[in-house]
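Written out below as structure tokens is the structure these notes cover.
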Amino acid sequence: MSDLYTGTQAAALATRWRRTVSANAAAVSRSAICHWVRRGHLTAAGLDDQNRPLYALPDIARAEKATRGRALRLVGIGTP
């Protein structure tokens, strides 16, 4: 099984990927991860020892890609 990431770690990974596409891209926040979950873009792959959701790397990447265009448009950057 692949490594699992907390919401905060998932946000940091998604931010890094977005900034690879555009240096001016806004950071992905922990609350954005929660929005992705509520909107069905991301599902938890497990729970940590305190019952907090953990996310798999491929799922984080898919959610970031699915939401990237809108996020970049919101900060005034055209879709790549």
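Each reported figure results from applying straightforward, stated rules to the coordinates on display, with no laboratory input. Everything numeric here is computed off the predicted structure, so don't read it as measured data. Counting neighbours? That spans all protein chains shown, and the Cβs are built from the backbone with ideal geometry, glycine included.
Note on 47, 13: ascending count of other Cβ atoms within 10 Å places them as 47, 13, the fewest first. The C-alpha atoms of the chain define a longest principal axis, and helix 7-21 lies at about 30 degrees to it.
For the residues 55, 5, what sequence is obtained by ranking on other C-beta atoms within 10 Å, fewest first?
On the way: 55 24, 5 21.
By the 10 Å Cβ count, ascending: 5, 55.
Between 0 and 90 degrees, the angle of helix 57-74 with respect to the longest Cα principal axis of the chain falls at about 30 degrees.
For n ≥ 4 DSSP H runs only, could you compute -39500 (n - 2.57) per run for the chain, divide by its residues and tell me the 222 nm figure to the nearest 500?
Details: 3 runs with 42 residues, N = 80.
The helix-only estimate for the chain comes to -17000 deg cm²/dmol at 222 nm.
Neighbour counts of C-beta atoms inside 10 Å place 19, 70 in the sequence 70, 19, starting with the fewest.
Just to check, using Stokes-Einstein with a Kirkwood Rh over alpha carbon pairs, what's the diffusion coefficient of segment 4-74 at 10 °C and 1.306 mPa s in µm²/s? Result for D is 132 µm²/s. Could you state the number of Å between the C-alpha centres of segment 14-35 and segment 45-68? So the two Cα centres are separated by 14 Å.
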